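Novice: Take a look at the following structure, please.
The values are calculated or read from the model by the stated rules, or taken from the named source; none is laboratory data. Just so we're clear, the structure is a prediction, and the values are computed from it rather than from any experiment. Every residue, glycine among them, receives a Cβ derived from its backbone with ideal geometry; neighbour counts consider all protein chains shown. The protein model used for the area step is the full one, side chains on, heavy atoms only, and it has no ligands, DNA or RNA in it. Shrake-Rupley method; radii C 1.70, N 1.55, O 1.52, S 1.80 Å.
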Amino acid sequence: MQAIRSALARGWFQVLIGGIVLFYALNNVYQATGNPNFVPSLLVLGAFLVPVVLVLWVYEHPLPDRIPPSAVVWNFLWGGTLGVIIAGILEYDTYRTLGFLPLLAVGLIEEAAKLIVPLVFFLRWRYRSEMAGLLFGLASGMGFAALETLGYAFTALIASRGNVGLAEFVLLVRGFLSPAGHAAWTALVTATLWRERLRHGHVGLTRATLGAYLLAVALHTLWDTFQVMSSATRVDWLGIEALSALVALMSVTVLARRYQEARRQAVAAASAISGSQRNGSPS
């Protein structure tokens, strides 16, 4: 019972339940009236609900830094939007130059574009814990994912000549998968950036940071590869879906490990501060 009360008091849980109720209500009103004015609200709410909830879930856990909500919002909105804009321009230029869009280039471009705003916070070095780095990367990746999902849902709506059900299916699938995609890949890189600076005491490109970025690109490329593969038979389709699920599982596992390490550091920092205060030492 205590666990249920604790969950009900959490902002992320309230946003999740409220968002689901609002989406259901909007969908019912649209089905009853057929008024297309409700469609943009459905798309925006459906695209942003899971990303916002995930970022809130991390933010509401105890953080070693006092990170204001505005810093998280900056990474979510500016990080996601600038990432989409810059990635779109570079990918378009790549397409025009090479005549095709290599999936590896997509991974390299998008994983770099999502780092722009988190890197500004990294260079300012005001929030220094690994958890702060993970949170900023998660927010930027989720902002990117929300806008990308919105674009895919809108494209599905146009291509299907107004089939809102198909657009809602895209929102549902991409919403559930977003933590295993852009959130995991960007948070992996930013958490490693912050950790390496804490370890070495200076800004620099280490092998661990480069390895984290290349791993994010590799997971991104594999995911995109399996998404564009065609299947002639049901067995082929099941095989492709199994490989996609494996990539998603690997991405979530990487994110969970980075989160657990950042949490351990946060608990250790809190314990050190508490011990210092008990001993009368300056914090």
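Novice: Could you list all residues from region 260-279 that are open to solvent by less than 40 Å² (accessible area, probe 1.4 Å) and modelled with pLDDT of 85 or more?
Specialist: Selection gives Glu261, Ala262.
Novice: Do we find a residue being open to solvent by less than 70 Å² (accessible area, probe 1.4 Å) and either basic (Lys, Arg) or in contact with a Lys or Arg (Cβ under 8 Å, 6 or more places away or on another chain) (or both) anywhere in region 35-46?
Specialist: No; the residues of region 35-46 include none that is open to solvent by less than 70 Å² (accessible area, probe 1.4 Å) and either basic (Lys, Arg) or in contact with a Lys or Arg (Cβ under 8 Å, 6 or more places away or on another chain) (or both).
Novice: Then there is this: Which of the following residues is closer than 24 Å to Leu255 by Cα and in contact (Cβ under 8 Å) with a residue 60 or more places away in the chain: Ala153, Ala180? Steps first, answer last, please.
Specialist: Working: Ala153 fails: closer than 24 Å to Leu255 by Cα.
Going through Ala153, Ala180 in turn, the sole match is Ala180.
Novice: Here's a follow-up. One residue is enough: does region 125-132 have a residue meeting the conditions open to solvent by 50 Å² or more (accessible area, probe 1.4 Å) and more than 24 Å from Ala256 (Cβ to Cβ)?
Specialist: Just the residues of region 125-132 that are open to solvent by 50 Å² or more (accessible area, probe 1.4 Å), to begin with: 126, 128.
Filter again for more than 24 Å from Ala256 (Cβ to Cβ), leaving 126.
Yes, that holds for at least one residue.
Novice: A further question follows. Mind telling me which of the residues Pro64, Pro51 ends up being buried (at least 18 other Cβ atoms within 10 Å of the Cβ) and in contact with a Pro (Cβ under 9 Å, 6 or more places away or on another chain)? Step through it out loud before you land on a result.
Specialist: Numbers: Pro64 fails: in contact with a Pro (Cβ under 9 Å, 6 or more places away or on another chain).
None of the others qualify; the one that does is Pro51.
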